[in-house]
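The values are calculated or read from the model by the stated rules, or taken from the named source; none is laboratory data. Only a predicted model underlies this, so the values are computations on that prediction, with no experimental measurement involved. Glycine also receives a Cβ, built like all others from the backbone with ideal geometry; neighbour counts cover every protein chain displayed. Keep in mind that these areas ignore ligands, DNA and RNA; they rest on the heavy atoms of the full protein, side chains included. Shrake-Rupley method; radii C 1.70, N 1.55, O 1.52, S 1.80 Å.
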Amino acid sequence: MAFDKVWVLAEVADGKPTGTTLELLTKAREIGGAVEAWTWGGEGSAVAATLGAYGATKVYDTGDLGGALPGVPVAAAMAAQVQGGNAPTAILAATSYDGRDIAGRLSAKLDVGVLTNVVGLSDDGTSEHAVFGGTTVVKAAFTGNPPYLFLVRPKSFAAEESGGGAAEVTTVEVPDAGATNAAKIVQRHVEERIGPKLDEAAVVVSGGRGLGEAEKFSMIEELAKLLKGAPGASRAIVDAGWVPYSYQVGQTGKTVKPTVYIACGISGATQHMVGMKGAKNIVAINKDQEAPIFSIADLGIVGDVHKVLPKVIEALQSRA
Amino acid sequence: MNVVVCVKQIPDPATPGKLDPNTKTLVREGKLILDDSDAYGVEMALQLADKAGGGEVTLVSMAPNEEVGGLRTALAMGAAKAILVSDESLKGADALTTAKVLAAAIKRAEPDLVIAATESTDGYTGTTPVQVAELLGLPAVTFAKHVEIDGSTVKVDRQTEAGYDEVECPLPALVTVTAGVVEPRYPSFKGIMAAKGKPVDTLKVGDLGIEAPAVGQQVVDVAAAEERQAGEIVVDEGDAHERVVAFLEQLKVI
Ligand SMILES: Cc1cc2nc3c(=O)[nH]c(=O)nc-3n(C[C@H](O)[C@H](O)[C@H](O)COP(=O)(O)OP(=O)(O)OC[C@H]3O[C@@H](n4cnc5c(N)ncnc54)[C@H](O)[C@@H]3O)c2cc1C
Ligand SMILES: Nc1ncnc2c1ncn2[C@@H]1O[C@H](COP(=O)(O)O)[C@@H](O)[C@H]1O
């Protein structure tokens with residue numbers, strides 16, 4: 001089986017399609033005939049060139065959503081197209097805040113299931129899923145009628161340009177979704193970050209509970225800065241309020257694939273490792289020789305972060 | 001204010017998960033416990049009902065073999081009662097099927113607010129709650145890191161890629177909570193004793209007035225993921241930092 005037409009949910013951040021969007025478009029081209037993208041928030045025209053360069057021939061744009069969370073209105077617009085006869089074989093969305101909301105809504109509207117945590121997808125219609133914290137790979141397939149919904153984990157596919165021209169933008173109407181569309185954003189808060197983005201950085205230095213206290217995270221930031229990398233964190237210290245959620249690496253946080261990942265005072269729970277074990281090289285510093293993180297580290301240092309890290313920082317500073 | 005919390009009962013995550021080699025569905029045998037992710041929802045619900053000065057917290061769960069282990073924990077935390085749907089026909093249910101069952105059960109409690117976790121520990125599809133909301137015709141605010149009720153409005157700080165959004169939504173509504181939204185309480189001895197006498201309404205799919213929903217997906221293969229090999233382990237004797245620096249040099253990141 002091949003996918004005739006594939007729709008990709010194109011998320012836009014800072015005026016550009018996200019990295020995962022480009023990964024999904026590349027994959028869609030590989031498995032499908034026609035590739036079309038969906039955008040919302042009123043930036044369809046601004047991103048049509050990039051979406052086209054990665055293979056989309058058409059962009060469906062819902063326009064500005066008037067402060068509504070995208071889940072309901074975007075799914076309603078998509079469902080209206082499908083029910084009106086314009087149906088794709090597959091719909092690819094990222095495992096992201098809005099991707100999950102839209103896919104969930106659409107699934108219930110169209111009465112079709114969603115295959116989630118997808119890390120592989122082939123044109124015979126089977127998908128691969130990382131389960132049990134990434135220790136097991138399951139292959140699955142839909143048994144019913146299309147459209148098939150896939151929620152794909154970021155960094156599962158490479159992004160490659162197709163050299164296509166700008167996609168044609170079609171404005172689609174958002175049907176009135178009544179009470180379901182009542183959630184409205186009243187204020188946005190952007191957390192300042194310096195240096196490269198966590199999921200794009202070549203070096204990621206992450207800290208965990210082994211740092212002992214929030215103040216000690218400054219060592220992680222310092223080392224990340226010296227390596228022109230990004231600081232990251234385990235969920236334990238995000239939940240403890242030491243750092244914002246946007247720093248979290250793992251199943252419920254970011255998936256990172258840097259050249260080097262340096263885990264400091266992190267035990268290596270499966271939910272953490274699923275987000276970083278795709279790194280090319282892993283360094284772990286942990287005082288417990290039995291810590292699971294050592295089972296995947298290329299260089300494991302059994303030691304105290306409070307002793308090792310300051311010395312690494314000092315050595316790098318003296319080289320600068 | 002009446003709050004329903006969707007609570008999943010799962011095998012202890014400390015023991016690794018298993019797939020049945022024949023049916024290729026998750027093995028759910030032995031005792032099930034309250035999913036840690038849902039303990040946050042239970043706590044949130046208890047605090048909101050308390051602040052609203054009345055109303056009940058009802059648990060809704062779908063689980064095999066009339067399992068109540070996890071429900072008792074949540075009842076011991078302070079929930080008033082539970083609705084449990086347990087039916088042979090639900091074996092291997094996908095998220096949409098689960099959502100259909102949960103939605104039908106939730107309807108019975110006529111809640112002002114439905115709370116679920118952003119994702120479960122064992123399945124982590126993260127779609128069930130939104131599917132429930134759509135089936136019930138409710139608005140939803142997902143990824144809540146702070147929740148407040150102001151009259152008939154729920155105010156949520158919703159996590160985003162860039163930070164967070166303040167979102168407002170009229171009730172009734174569904175909210176999914178992240179870990180860290182509140183600190184779950186430990187059940188007290190009194191709570192544990194009281195939980196034993198709290199009502200658990202155990203239903204079959206037929207009791208909900210719906211047919212066993214069809215599952216539209218299947219697992220076709222299971223394999224162990226490629227494992228990363230462990231590299232060199234160095235015990236720090238005061239000079240391990242040199243190894244780190246040398247390693248970074250070799251990779252040309254410095
Ligand atoms: C549904 C679900 C989703 C989850 N998602 C995520 C996720 O996305 N990301 C994530 O990270 N976690 C996630 N978790 C949590 C995960 O299971 C772990 O609880 C968490 O990763 C542990 O963080 P940690 O390694 O910092 O803390 P711990 O497990 O407490 O480990 C601390 C480590 O520090 C070491 N240590 C202590 N002192 C020192 C010292 N002085 N020097 C050196 N080492 C020291 C200890 O030996 C220990 O190994 C999730 C859990 C669930 C249930
Ligand atoms: N079988 C179930 N019984 C009760 N609640 C559930 C069930 N499955 C999922 N949920 C709810 O939906 C959330 C997300 O689950 P999931 O979609 O599996 O990631 C869970 O944390 C629960 O709040």
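Within the stretch B:111-129, restricting attention to residues that are under 16 Å from B:Tyr40 (Cα atoms), within 8 Å of chain A (Cβ to nearest Cβ) and of a type outside the set (D, E, K, R), which residue is nearest to ligand 1 (Cβ to nearest atom)?
That would be B:Tyr124.
For the stretch A:106-125, which residues satisfy the criterion of being without any contact (Cβ under 8 Å) to a residue 40 or more places away in the chain and more than 16 Å from B:Tyr124 (Cα to Cα)?
A:Ala108, A:Lys109, A:Leu110, A:Asp111, A:Val112, A:Gly120
Identify the residue in the stretch B:140-162 that is touching a helix residue (DSSP H, G or I) at 6+ places or on another chain (Cβ under 7 Å) and buried (at least 20 other Cβ atoms within 10 Å of the Cβ) and, among all such residues, is farthest from the other protein chains (Cβ to nearest Cβ).
Ranking the candidates gives B:Val147 first.
On the given criteria, is A:Ala140 assigned to a strand (DSSP E or B) and within 7 Å of chain B (Cβ to nearest Cβ)?
It is true that A:Ala140 is assigned to a strand (DSSP E or B) and within 7 Å of chain B (Cβ to nearest Cβ).
In the stretch B:239-253, which residues are within 8 Å of another protein chain (Cβ to nearest Cβ) and in a loop (DSSP other than H, G, I, E, B)?
Selection gives B:Leu251, B:Val253.
For the stretch A:255-269, which positions are more than 8 Å from ligand 1 (Cβ to nearest atom), within 11 Å of chain B (Cβ to nearest Cβ) and not hydroxyl-bearing (Ser, Thr, Tyr)?
A:Pro258, A:Val260, A:Ile262
I'd like the full set of residues that are outside any loop (DSSP other than H, G, I, E, B) and open to solvent by 10 Å² or more (accessible area, probe 1.4 Å), limited to the stretch A:211-229.
A:Ala214, A:Glu215, A:Lys216, A:Ser218, A:Met219, A:Glu221, A:Glu222, A:Lys225, A:Leu226
Taking the conditions exactly as written (part of a strand (DSSP E or B), away from ligand 2 (no atom under 16 Å from the Cβ) and not assigned by TED's automatic domain parsing to the domain that holds A:Tyr97), does A:Gly232 satisfy them or not?
For A:Gly232, the condition - part of a strand (DSSP E or B), away from ligand 2 (no atom under 16 Å from the Cβ) and not assigned by TED's automatic domain parsing to the domain that holds A:Tyr97 - is met.
Name the single residue, out of those in the stretch B:133-159 being within 17 Å of B:Tyr40 (Cβ to Cβ) and among the β-branched types (Val, Ile, Thr), that is farthest from ligand 2 (Cβ to nearest atom).
B:Ile149
Does B:Ala103 satisfy being more than 8 Å from chain A (Cβ to nearest Cβ) and closer than 17 Å to A:Ser96 by Cβ?
No, not satisfied.
Please go through (1) surrounded by fewer than 19 Cβ atoms within 10 Å (Cβ to Cβ); (2) in contact (Cβ under 8 Å) with a residue 24 or more places away in the chain; (3) in a helix (DSSP H, G or I) for B:Ala45 and return the number of the only condition it doesn't satisfy.
(1)
Of the residues A:Ile296, A:Ile282, A:Ile237, only one is open to solvent by less than 30 Å² (accessible area, probe 1.4 Å) and within 13 Å of ligand 1 (Cβ to nearest atom); which?
Unique residue meeting the criteria: A:Ile237.
What residue, of A:Glu160, A:Glu173, is over 23 Å from the mean Cα position of the chain (by Cα), open to solvent by 60 Å² or more (accessible area, probe 1.4 Å) and touching a residue at least 24 places away in the same chain (Cβ under 8 Å)?
A:Glu173
Across the stretch B:163-207, which residue is farthest from the other protein chains (Cβ to nearest Cβ) among those that are touching a residue at least 24 places away in the same chain (Cβ under 8 Å) and of a type in the set (Lys, Arg)?
B:Lys196
Can you list residue pairs whose Cβ atoms sit under 7 Å apart, with the first residue in the stretch A:277-292 being at the interface with chain B (Cβ under 9 Å from one of its Cβ atoms) and at pLDDT below 95 and the second being assigned to a loop (DSSP other than H, G, I, E, B) and within 13 Å of ligand 1 (Cβ to nearest atom)? Count only pairs 6 or more apart in sequence or on different chains.
Pairs that qualify, where the first residue is at the interface with chain B (Cβ under 9 Å from one of its Cβ atoms) and at pLDDT below 95 and the partner is assigned to a loop (DSSP other than H, G, I, E, B) and within 13 Å of ligand 1 (Cβ to nearest atom), are A:Lys277/A:Gly134.
When residues of the stretch B:67-82 are filtered for being modelled with pLDDT of 95 or more, surrounded by fewer than 24 Cβ atoms within 10 Å (Cβ to Cβ) and closer than 13 Å to B:Asp201 by Cα, how many remain?
The number of residues fulfilling the criteria is 4.
Do we find a residue being within 30 Å of B:Leu113 (Cβ to Cβ) and either touching a residue at least 12 places away in the same chain (Cβ under 8 Å) or surrounded by 16 or more Cβ atoms within 10 Å (Cβ to Cβ) (or both) anywhere in the stretch A:145-152?
Yes, there is a match, as at least one residue in the stretch A:145-152 is within 30 Å of B:Leu113 (Cβ to Cβ) and either touching a residue at least 12 places away in the same chain (Cβ under 8 Å) or surrounded by 16 or more Cβ atoms within 10 Å (Cβ to Cβ) (or both).
Output yes when any residue across the stretch A:176-197 is more than 14 Å from chain B (Cβ to nearest Cβ), in contact with a strand residue (DSSP E or B) (Cβ under 8 Å, 6 or more places away or on another chain) and not in a loop (DSSP other than H, G, I, E, B), and no when none is.
No.
Between B:Thr58, B:Thr73, which is under 14 Å from B:Pro184 (Cβ atoms), among the β-branched types (Val, Ile, Thr) and under 17 Å from the mean Cα position of the chain (by Cα)?
Of the residues listed, the single one that is under 14 Å from B:Pro184 (Cβ atoms), among the β-branched types (Val, Ile, Thr) and under 17 Å from the mean Cα position of the chain (by Cα) is B:Thr73.
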